[in-house]
Structures are given as C-alpha cells and as structure tokens.
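S.K.: Once you've had a glance at the structure underneath, I'll fire off some questions.
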Amino acid sequence: MQVSDTLKVNVKLFATFRVGRFVAEAREYPVGTRIVDIIRELQIPEPEIGIIMLNSRHAEPDHQLKDGDNLGIFPQVGGG
C-alpha cells in the first residue's frame, strides 16, 4: 500500500467569498496543509473571515487538514 503525499479537501465558500472564486470544489493539497494555507491561496483577507467550519465544527486557521475534510469559510456578518 502506497501512502499518498496529497489530500483531498472539499472547500465551500459563502457569501462575498464566492465572488470571483467558486461556491464549492473538491481540491487537492499537499499533506501538512493548514486552513490558513488555503485562505492565503484563495487570497481571502484574513480579517474579513467570520467563521471557519471544519467537518461541521468551529476550527482555527492553523488547524492541519486531513484527507476528506469538509471546510467552510464564512465572511463576517455586517449590519447595523
């Protein structure tokens, strides 16, 4: 059995983060990739992030991803 050096992550973007990007994609990353690496690759300004969900739970940007993870990135909610 060969160990893969990549992992597949299902990335879903919400609201304004979809503009010029995508809604949802299965993407391949090197083993050791963290959530913040994906955020930077997608050029999402970190201060604009409201919630990060990983497998339906809150997650921190420095969390290391595993094969098959489901990642959701939500912008901050504005209003007044």
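The values are calculated or read from the model by the stated rules, or taken from the named source; none is laboratory data. Note that the structure is predicted; figures quoted are calculated from it, not measured. Virtual Cβ from ideal backbone geometry, glycine too; neighbours counted across all protein chains shown. Note: areas computed on protein heavy atoms with side chains; ligands, DNA, RNA excluded. Shrake-Rupley method; radii C 1.70, N 1.55, O 1.52, S 1.80 Å.
S.K.: Which of (1) open to solvent by 30 Å² or more (accessible area, probe 1.4 Å); (2) touching a residue at least 40 places away in the same chain (Cβ under 8 Å) does residue 72 not meet, given it meets every other one?
M.R.: (1) is the only condition that residue 72 fails.
S.K.: Please go through the range 28-58 and give me each residue that is surrounded by 15 or more Cβ atoms within 10 Å (Cβ to Cβ), over 10 Å from the mean Cα position of the chain (by Cα) and either closer than 18 Å to residue 7 by Cα or not hydrophobic (A, V, I, L, M, F, W, C) (or both), ordered by number.
M.R.: Listed by number, the residues that qualify are 29, 33.
S.K.: Hey, does the range 7-23 have a residue that's surrounded by fewer than 11 Cβ atoms within 10 Å (Cβ to Cβ), assigned to a strand (DSSP E or B) and on the phi < 0 side of the Ramachandran plot? Break it down into steps so the answer makes sense when it comes.
M.R.: Kept after step one, since they are surrounded by fewer than 11 Cβ atoms within 10 Å (Cβ to Cβ), are these residues of the range 7-23: 19-20, 23.
Filter once more, so that each one left must be assigned to a strand (DSSP E or B): none.
Checked against the condition, which is being surrounded by fewer than 11 Cβ atoms within 10 Å (Cβ to Cβ), assigned to a strand (DSSP E or B) and on the phi < 0 side of the Ramachandran plot, the range 7-23 yields no hits at all.
S.K.: Moving on to the next point. Taking the condition in a loop (DSSP other than H, G, I, E, B) and in contact with a strand residue (DSSP E or B) (Cβ under 8 Å, 6 or more places away or on another chain), does residue 72 pass?
M.R.: Working: in a loop (DSSP other than H, G, I, E, B): no; in contact with a strand residue (DSSP E or B) (Cβ under 8 Å, 6 or more places away or on another chain): yes.
Criteria not met by residue 72.
S.K.: Still on this structure, I have one more. Considering every residue within the range 42-58, establish whether at least one is within 12 Å of residue 9 (Cα to Cα) and in a loop (DSSP other than H, G, I, E, B).
M.R.: So in the range 42-58, the residues within 12 Å of residue 9 (Cα to Cα) come out as 54-55.
Then keep just the ones that are in a loop (DSSP other than H, G, I, E, B); that gives 55.
Checking the range 42-58: at least one residue is within 12 Å of residue 9 (Cα to Cα) and in a loop (DSSP other than H, G, I, E, B).
S.K.: Evaluate the following for residue 67: is it open to solvent by 90 Å² or more (accessible area, probe 1.4 Å), in contact with a strand residue (DSSP E or B) (Cβ under 8 Å, 6 or more places away or on another chain), in contact (Cβ under 8 Å) with a residue 40 or more places away in the chain and not hydroxyl-bearing (Ser, Thr, Tyr)?
M.R.: Values: open to solvent by 90 Å² or more (accessible area, probe 1.4 Å): yes; in contact with a strand residue (DSSP E or B) (Cβ under 8 Å, 6 or more places away or on another chain): yes; in contact (Cβ under 8 Å) with a residue 40 or more places away in the chain: yes; not hydroxyl-bearing (Ser, Thr, Tyr): yes.
When the stated conditions are applied, residue 67 passes them.
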